[in-house]
Amino acid sequence: MSEMWINMGPQHPMTHGLWNLRVKIDGEVIVDVDPELGYLHRGIEKISEDRHYNEVVTLMDRTCYVAGLAWEHLYIIASEKALHIEPPERAEYLRVMCEEFQRLGSHIMWFSAFVVDIGLLTPLLYGMRDRDLVLDLFQSYTGARMTYEYMRVGGVRNDLPPGFTDRARTVLDWLMARFDEYDKLTLGSDIFHKRCDNLGILKANDCIAHGVTGPMLRSAGVKRDLRKDRPYAAYDRVEFDVAGADSADVTGRYLVRMEEMRQSVRILRQVLDWLDRNPGPVMARELPRWLGAPYAPVGREGYLLKRNYPKGVGFSSIEEPHGEAQAYIVNEGGEHPYRVKLKSPVFSNISAARQYLVGYRVADIPPIMGSVDVCIGESDR
Amino acid sequence: MSASPSVRPAPVARSMTLPPESLRLEGELPMAGAAVPFVEIEALRAREFIPAAKEALGSLISNRSRETLIGPVFNWAGRNSLFPLHWGLACCAIEFAAAFGARWDAERFGVVARSSPRQCDLMIVNGTVTWKVAHKLITLYEQMPEPKWVIAMGNCATGGGPFRTAYSVVPGVDKLVPVDVYIAGCPPRPEALLDGILTLEKLIRERKE
Amino acid sequence: MGPEELRAALAPALGPSLVGVEPFEGFAARVRFRREGATELFRAVHGLGNTHLSMVAGIDWVDHREVLYIVWSDAAKQYTLLSADLPADDPHIETASGVWPSANWHERETWELVDITFDHHPDLRHLLTPDGYEFRPLLRSFKIHEPEELEVKVRHV
């Protein structure tokens, strides 16, 4: 039979974003794959060169719109290293709390979108309901549902409101019961197993060679988790296990993400207890005035100050909900970063599409790409 | 704490033999802060259909013009079943999805997202439009049957938003297609999206063909 | 693996194309090399257990350009930074995608945004920008829109 190229995207229910999957098919079988990105390329790295360090945080929220706080965390760690600023300990714990709540929100959003791809429409409503509870918590201390602008160079913007930790624990208890419910709705369904088992297999060697990270890598038996291997913020002070599976298929990725959510709840309970016991400042003292932090308001005088802050290079690498994200920030002494380079895990995970799609059938594309957890905002930047 | 899934566990229940109470919610939904604000469902009132239908029948009897006959009925039906195009551009798409989730339930206004542009009469531009996607957006708009409307959701679609100065971003989707309703916010909350849809429904009601 | 051990392991294979190995915050070391020995360096670094290439980046320093590779070793649980300086009038270097397949897309992106050509790249074409896009946005000479003067003042009051 003759082969042909078809476009799935940029407007296609499979994509969960704005990208184009060009597929070469022979009948029903996928012969070749050519993902096409860039439909959401917003030039974030370039605009960052024209903004103050704290103003770039606004862009980081929009870089990955399902994991805004994780990307804020990534950027803030790197820029603090570039500017030689140390955050207080409470701010580090608050950031870990933010990142883990964000992991919950991101994975539940993934769950909601993924189950629709395999034909289970009911869990979508359950997932969106529970994600809104996490967003309520964000809203109560950052003021926004998705774009938070919460972290600052040298700390975080504000402390938690009274009664937050108790409310958060209630939500965590609720969510832990819901995760079992999710498993019943998916693993208990024959549709799920028929569509997901032994599908989209990407073995550990291929994962590593093609730069695939995150739940996809951990589902292939490699327990690489930067929170454990290269601890940042307060992750060396909390206990958790690295989720893993060895089937390297769609079901394995599902199991890894569900286990990660349970581990996130475990981390969050420890962090909330710590926050209850240890009040303190959430911003570093003696920040340069032009940073515009809340304790150092930028005035006309600050604007006129001569800026000869020490130069530096900041590098950070965090375990974002989708995988290993990196930032490389060059500070040349000015009030703007000289260069902000961001590496997105989704970018690498999509680039390996040929490895896990070729050989399967066209109808297998939605579950496989759904299990990759695509967020185009961060892969295109 | 469940066991680590290093070995794929046997499926919990292969054929949904779970007791029904296992899916029952324990306790109240832990909603933080205020509940969902009440949105007046003005568009769904069936009683405005009755005078319109009477008028249509009357005009049929009195043999008046075709516009008078079908105009009100068509407008009533059209505005109560807006079918937006199901696509996600950027951040606003997540709030777009949340509006169709359990808490806001946009489908009670008759809004059902469809994946084919040929079934749609409403394009919600939910995110940043880049020059690379611009011609595809115009193609999608042209594939939608008349009459059709466009909602620019969020600051990016309205005027470029935080990416206004970027080299790759269209500063406002109204440079490409005509826009009927603009919604402010970065991203707008689901309530704001619902309000924008209801505003569009008012516009359609006032429409004169 | 510290900088000294890394230098001892790399020096025999590279010879004069190894400029220096120095400590660098966040990394095991920063390996600076000349582009003539790029492929040998990639093979040697890969052979030392750095099997995961996580990022390729380019920086425009106006008078020259710098290309960065960040690699990760699962055994040592450390990142290593490889960097080479390229002249601004002729910025090209050998591709790393033969050693690490994941370099493919990163190099396409670096080529289209920072204008660094990767020789013998299997598929060097536009990735993020549209086909035929002639600008190189991440060069310092590419200016974004200047905000209005009024807006700059308001921002700092």
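The values are calculated or read from the model by the stated rules, or taken from the named source; none is laboratory data. Just so you know, these numbers come straight off a predicted model, no measurement behind them. Neighbour counts run over all protein chains shown; Cβ positions are idealised from the backbone, glycine included. Note: areas computed on protein heavy atoms with side chains; ligands, DNA, RNA excluded. Shrake-Rupley method; radii C 1.70, N 1.55, O 1.52, S 1.80 Å.
A few notes on this one:
- Restricting attention to region C:75-102, the residues that are outside any loop (DSSP other than H, G, I, E, B) and closer than 25 Å to C:Pro23 by Cβ total 10.
- Within region C:2-16, the set of residues being out of contact with any Leu (no Cβ under 7 Å at 6 or more places or on another chain) and either in contact (Cβ under 8 Å) with a residue 24 or more places away in the chain or among the charged types (D, E, K, R) (or both) comprises C:Gly2, C:Pro3, C:Glu4, C:Glu5, C:Leu6, C:Arg7, C:Ala13.
- Residues satisfying the stated conditions in region A:333-355, i.e. among the aromatic types (Phe, Trp, Tyr) and out of contact with any helix residue (DSSP H, G or I) (no Cβ under 6 Å at 6 or more places or on another chain): A:Tyr338
- Some residue of region A:147-168 being among the aromatic types (Phe, Trp, Tyr) and open to solvent by 10 Å² or more (accessible area, probe 1.4 Å): no
- Selection count where residues are within 17 Å of A:Gly323 (Cα to Cα) and open to solvent by 10 Å² or more (accessible area, probe 1.4 Å), scope region A:365-381: 2
- The set of residues from region A:57-73 being under 22 Å from C:Glu109 (Cα atoms) and more than 10 Å from chain B (Cβ to nearest Cβ) comprises A:Met60, A:Trp71.
- For region A:204-277, the helices (runs of 4 or more DSSP H) that sit wholly inside it and include 1 or more residues that are within 12 Å of chain C (Cβ to nearest Cβ) are A:204-209, A:215-218, A:226-229.
- Residue match in region C:87-94 (condition: within 13 Å of another protein chain (Cβ to nearest Cβ) and hydrophobic (A, V, I, L, M, F, W, C)): no
Per-residue answers, yes or no, for (1) in a helix (DSSP H, G or I); (2) over 22 Å from A:Phe240 (Cα atoms):
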| residue | (1), (2) |
| --- | --- |
| A:Ala70 | yes, no |
| A:Ala82 | yes, yes |
| A:Pro87 | no, yes |
| A:Arg90 | yes, no |
| A:Val96 | yes, no |
| A:Phe101 | yes, no |
| A:His107 | yes, no |
| A:Ser112 | yes, yes |
| A:Gly127 | yes, yes |
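- Residues (open to solvent by less than 20 Å² (accessible area, probe 1.4 Å), small (Gly, Ala, Ser) and over 20 Å from C:His92 (Cα atoms)) located in region C:11-37: C:Gly20, C:Ala28, C:Ala29
- Being more than 9 Å from chain A (Cβ to nearest Cβ) and crowded, with 23+ Cβ neighbours inside 10 Å is a property that holds for B:Val125.
- If you go through region B:162-176 and pick out every residue that is in a loop (DSSP other than H, G, I, E, B) and in contact with a Cys (Cβ under 8 Å, 6 or more places away or on another chain), you end up with 0.
- Cβ-Cβ under 7 Å pairs, at least 6 apart or on other chains, region C:66-84 side closer than 13 Å to A:Glu324 by Cα, far side in a loop (DSSP other than H, G, I, E, B): C:Val71/C:Asn50; C:Trp72/C:Asn50; C:Tyr79/C:Gly26; C:Tyr79/C:Phe27; C:Tyr79/C:Ala28
- In summary, A:His84 fulfils each of the numbered conditions (1) at positive phi; (2) under 19 Å from the mean Cα position of the chain (by Cα) with the single exception of condition (2).
- From the list C:Leu81, C:Leu68, C:Leu127, the one residue that fits, being at pLDDT 85 or above, in contact with a Lys or Arg (Cβ under 6 Å, 6 or more places away or on another chain) and within 20 Å of C:Arg32 (Cα to Cα), is C:Leu81.
- Subset of region A:335-364 that is polar (S, T, N, Q) and facing chain C (nearest Cβ under 8 Å) - its residue that is least open to solvent (accessible area, probe 1.4 Å): A:Ser348
- Matching residues, region C:86-132, being at positive phi and in contact (Cβ under 8 Å) with a residue 24 or more places away in the chain: C:Asp115, C:His120
- The condition (being modelled with pLDDT of 90 or more, of a type in the set (A, V, I, L, M, F, W, C) and outside any strand (DSSP E or B)) is satisfied by just one residue among B:Val125, B:Val179: B:Val179.
- Set side by side, the residues B:Trp131, B:Trp149 differ, and just one is within 11 Å of another protein chain (Cβ to nearest Cβ) and open to solvent by 20 Å² or more (accessible area, probe 1.4 Å), which is B:Trp131.
- Scanning region A:18-56 for residues being open to solvent by less than 10 Å² (accessible area, probe 1.4 Å), without any contact (Cβ under 8 Å) to a residue 60 or more places away in the chain and more than 10 Å from chain B (Cβ to nearest Cβ) gives a total of 0.
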